[in-house]
Structure formats: C-alpha cells, structure tokens
Amino acid sequence: MTIRLVTVFGGTGFLGRRVVMHLRKHEFSVRIASRHPARSRGLFGPDDPQLQSVEADIHDQRAVADALAGAYGVVNAVSLYVEHGRETFHSVHVEAAQRLATQARRAGVERLAHVSGIGADAASPSLYIRKRGEGELAVRGTCADVILIRPAVMFRPDDAFLTTILGLLRRLPIYPMFGRGLTRLQPAYVEDVAEAIARALQRTETHAVTFECGGPRVYSYEDLLRAVAREAGLKPILLPVPFAVWHALASVLEMLPSPPITRNQVELMQIDNVSSPQMPGFGELGISPQPVEDTLRQMVRAC
Ligand SMILES: NC(=O)c1ccc[n+]([C@@H]2O[C@H](COP(=O)([O-])OP(=O)(O)OC[C@H]3O[C@@H](n4cnc5c(N)ncnc54)[C@H](OP(=O)(O)O)[C@@H]3O)[C@@H](O)[C@H]2O)c1
C-alpha cells in the first residue's frame, strides 16, 4: 500500500502538532513545514521515518512549492494573533492562505484543509475576523473543493485559554469579566479538532465542506469562569468590565513584545463563539467531543 503524504503548515503550533500526531495515527506520512524545523524535530524526535521537518515560510512561494512536492494533502494551521512588521492579518490569513492554495493546485495536491475559526466573516467590522473571512473566500476561490475547518476556542492542559483563566482566578479575588460575561462559548478539545482534520482528509468525498468544531456544551463566559472556579475550589467575585475599557487597555498592551491581551482577542470575546447546528461538525466525522471538565480536573490536580 502506498503511504499518502500530507504537508502540515503550522505543524509546530498548538493545533498543528496534534494534527501531525493524528495524521500519523491514520497512517499518513507527514511533512511538517515551519520556519523553525529544529523545533519540530525537538517536538517529534528523530525516530519516525514517516515524519519529515522542512523549513518553509508561508510567505515564500518557492519554499511553499517545495514543501508541497509529492503531497496528497495539505493542512494550513498557520496562525497570527498580533500584527507586526510584514506579518499582518491580511498577509497571513488572506495572501499566504491563497498562495498555499494556488501552489497546492499547481502541485496536484488532492486535498486542502484550511483552518479558520468559528465566526470568520468577510463583512465583520473587526479586522481580525474580517481577514479570517476573506481568507476563507480567497482559498475557496482558488480550491473549489477545500475543506474548511472552523474550530471554537480550543483547550488542553497546556493551552493559553483555560491556563490563563485558572491562573488569574487563583491570583485575583475580584476577576474582571469581558462585558457582563454573556458571550457564549463552546470550547473544543484540541485533540478532537486534530482528529477531525485527519478524518476529514481521509474522506473520499471531494466536494467543498465546512466543519464547525465546537465542544459538547455551550457556556456563557460567566458560567465557564464559575465552572473553572468550582473545580479549583475558588469563590471569586466576578466583576463586569465594559468592552470599551478592554479595548483601551488592549491597545496600550499591544505595544509590549508579548501582550497579555490584544484587541482582536477582545473583539472575539464580543461575539458568540458557537457552532451552527446547520453546519457539519464532529458528529459527521464520528467524533464525540470531550467536555472541558475532565481537562479542568487534570489541571487542578497538577498544581
Ligand atoms: N488556539 C485556538 O483556540 C484557536 C481557535 C480557533 C481557531 N484557531 C486557528 O487554528 C489555527 C492554528 O492556531 P494555533 O493556536 O495552533 O497557532 P499557534 O500555536 O500560534 O501556531 C502557529 C503555527 O504557525 C506557524 N507559522 C506562523 N507564521 C508562519 C509563517 N510565516 N510561515 C510558516 N509557518 C508559520 C508557526 O510555526 P513557526 O513559528 O515555527 O514557523 C506555528 O507552527 C489558526 O488558524 C488559528 O486561528 C485557533
């Protein structure tokens, strides 16, 4: 049997590294394309002959083409959360996404999975959300049979989401909430999203499809904070803070090299991040998504 090769752009990232492992579990051979191949060799070790690490900047057309040579499929799990220099939301989420799709077509790659996010919308007033939406349109315009993956906010014990909430709840007896805490969230376990991507690439259907990957339960932001606090045995006072205040704070903090909060994160917290019941999701891929509580228990036990 021929082993099919999938190139994973962003294969060293929070989601991408799990996509690599799940693709290997499904017996794909994997080429990890990132700007730091030594990092991926450090992550996955040198022992698996079906794993290669190559250096490729998604802005470099030649490097993208080389990384795609001979591939059956490609996953774009590249992210950018804060703009700096030539790394803008437009250059990464629109131009580079389209470049990858164009080169994939040229190289005869059969399946492209493009990772975007729930809520991506080319008409949004938020620059970040608009560029995610424009990126989806650009990729779809180039590859009519693209698999779009829109995850909800993702968690795992080493994530930047629950870890931050738990750390802040432990330190702050009064916890400042985004707005009145009403935004609805449906956190998805990152391993479930990675498995969804691997299964989507295995499907034999070749028409365009969008999977919205949300976890088993929808929380209001306040309810989620209370669930985390409960698991950790904490009783914080949750203080509503208007979004305008968060925006002002984030625009100042974005001047730091690693800002703890950015305007795009604030904008994402202003709209519900919940999968649409009309869209295919985990169910269509035969996955029963894990709840947040199991991970929370693990995190609380670990410290
Ligand atoms: N995390 C979440 O909760 C969440 C929720 C919804 C959607 N998403 C989406 O899921 C995708 C993956 O997010 P993530 O959180 O896993 O991101 P991440 O941990 O920040 O990883 C980003 C990856 O992109 C690579 N990368 C960045 N710039 C690159 C460039 N110019 N050329 C090549 N590779 C580049 C990085 O590798 P190098 O730096 O080594 O090059 C890294 O492997 C993104 O589309 C994100 O918007 C994430």
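The values are calculated or read from the model by the stated rules, or taken from the named source; none is laboratory data. What you see is a predicted model; the values in this text were computed from it and never measured. Using ideal geometry, Cβ is built from the backbone for each residue, glycine included, and neighbour counts are taken over all protein chains shown. Accessible surface is based on the protein model in full, side chains and every heavy atom, while ligands, DNA and RNA are left aside. Shrake-Rupley method; radii C 1.70, N 1.55, O 1.52, S 1.80 Å.
At a glance:
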| item | result |
| --- | --- |
| Residue that is of a type in the set (S, T, Y), under 21 Å from the mean Cα position of the chain (by Cα) and assigned to a loop (DSSP other than H, G, I, E, B), where the choices are T2, T12, T7 | T12 |
| Within region 15-59, considering residues that are more than 8 Å from the ligand (Cβ to nearest atom) and within 16 Å of the chain's Cα centre (by Cα), the one most open to solvent (accessible area, probe 1.4 Å) | M21 |
| A77 being closer than 17 Å to L201 by Cα and over 19 Å from the mean Cα position of the chain (by Cα) | no |
| Lone unmet requirement of (1) out of contact with any Gly (no Cβ under 9 Å at 6 or more places or on another chain); (2) closer than 16 Å to G214 by Cα; (3) touching a residue at least 60 places away in the same chain (Cβ under 8 Å); (4) open to solvent by 40 Å² or more (accessible area, probe 1.4 Å) for Q265 | (2) |
| Within region 158-260, helices (runs of 4 or more DSSP H) holding 2 or more residues that are closer than 30 Å to Y72 by Cα | 190-202 |
| Every residue from region 60-99 that is within 30 Å of P260 (Cβ to Cβ), part of a loop (DSSP other than H, G, I, E, B) and open to solvent by less than 30 Å² (accessible area, probe 1.4 Å) | A77, L80 |
| Matching residues in region 68-101 - criterion: being closer than 13 Å to V8 by Cβ and more than 9 Å from the ligand (Cβ to nearest atom) | L68, A71, Y72, G73, V74, V75, L100 |
| Residue selected from region 102-141 under the condition in contact with a strand residue (DSSP E or B) (Cβ under 9 Å, 6 or more places away or on another chain) and away from the ligand (no atom under 14 Å from the Cβ), by the criterion nearest to Q265 (Cα to Cα) | R140 |
